[in-house]
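Input: a single structure, listed below in structure tokens.
The values are calculated or read from the model by the stated rules, or taken from the named source; none is laboratory data. As the structure is a prediction and not an experimental result, all values here were calculated from the model. Neighbour counts run over all protein chains shown; Cβ positions are idealised from the backbone, glycine included.
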Amino acid sequence: MSSTEEPTVLISEAEVAERIETLAQAIAPRIDDETVVVCLLTGGIWFAADITRALARRGRVVRFDALWLASYKDERQSSGRCEVRADLQRPIAGRKALVVDDVFDTGLSLSEAARLVRDSGASEVLTAVFARKPWPTPRAIEPDFVAWEAPGRFLVGYGLDVAGKMRGLPYIGAMD
């Protein structure tokens, strides 16, 4: 792939914003102000920022933390293992947690994050992803909240990358 190759836009910046607002409306009644939103780094940053602001507009001013898990290592396919590069920084015991990530592909990162958060003592663990890709086999976990049912294509933008590039695009595009 050349660095000048432009992705095909699948979901525009405006549609991303609309889906965030709809998702926040569904999540807000299930959480409280003591809830800790746990962002999966690094791809989940864009979604986490937008969903926490949308929740605040609905009266849910949540706490924030992050987990840095790695399973792709600049490759197009998961390595099949999850490495914890940075753990939670704040106490989560006795609080609800909402684990957020950009894409649900194999389910490995979200499953591992939910387990780590549960093991840290969260009273309830909910999960939200912006995009859920189709998968040929059952996954260990399914997200509680999904903004967009994505096609089985190689996606970039809005946190999704190709070897660390294109995460900052305000839309989601396909590179295939």
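Scanning the range 12-40 for residues that are among the acidic types (Asp, Glu) and assigned to a helix (DSSP H, G or I) turns up Glu13, Glu15, Glu18, Glu21.
Here the condition is being modelled with pLDDT of 85 or more, closer than 21 Å to Gly173 by Cβ and assigned to a loop (DSSP other than H, G, I, E, B); of Gly94, Gly59, Gly43, it holds for Gly43 alone. Asp50 falls short on exactly one of the conditions (1) part of a strand (DSSP E or B); (2) modelled with pLDDT of 90 or more, and that condition is (1).
Does at least one position in the range 106-124 carry a residue that is touching a helix residue (DSSP H, G or I) at 6+ places or on another chain (Cβ under 8 Å) and either surrounded by fewer than 20 Cβ atoms within 10 Å (Cβ to Cβ) or assigned to a strand (DSSP E or B) (or both)? If you could, list the steps in order and put the result at the bottom.
Initially, the range 106-124 is screened for residues touching a helix residue (DSSP H, G or I) at 6+ places or on another chain (Cβ under 8 Å), giving none.
No, there is no match, as no residue in the range 106-124 is touching a helix residue (DSSP H, G or I) at 6+ places or on another chain (Cβ under 8 Å) and either surrounded by fewer than 20 Cβ atoms within 10 Å (Cβ to Cβ) or assigned to a strand (DSSP E or B) (or both).
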